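The block underneath contains the structure these notes are about, expressed in structure tokens.
A short reminder: the numbers here are calculations on the coordinates, not readings from a lab. These numbers come from a predicted model, not from an experiment. Please note: Cβ atoms are built from the backbone with ideal geometry, for glycine as well, and neighbour counts cover all protein chains shown.
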């Protein structure tokens, strides 16, 4: 998929307001369709309560059927994080980040219909 098509897919998700099953079924496996920042504290995604920023990456699965997941990792890795390869990029986070499992956090990061939520990979 070229970057122009990726941009169109990301725009479609944003303009729709909520992620739908139809959108998920149209996206190829491995497509990052939404990224953003969330605070590491009880009001965001509470990994360690550090107050640092985490980047989240929402992407489709490679198995088809419209599956998707959200991964998080540090937006600005420390020297220690960088020592194991962390660079804060969406690509790195998609491959190595922690999967989000909390239902309310999932829905706050990527507003979605009930049908789209059911396609979230546990």
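Points worth noting:
- Against the chain, whose longest principal axis is taken from its Cα atoms, helix 3-16 shows a tilt of about 80°.
- Pair residue 46, residue 78: separation of 7 Å Cα→Cβ label points (nm): 2.1 nm
- One Cα centroid belongs to segment 17-43, the other to segment 64-122; the line between them spans 9 Å.
- Long-range Cα-Cα pairs in segment 3-118 (distance over 21 Å), rounded percent: 36 percent
- Relative contact order (%) - segment 22-82, alpha-carbon pairs under 8 angstrom, separation at least six: 33 percent
- In the chain, Cα pairs under 8 Å separated by at least six residues give a relative contact order of 25 percent.
- Among beta bridges that DSSP assigns inside the chain, antiparallel share in %, nearest 5: 90 percent
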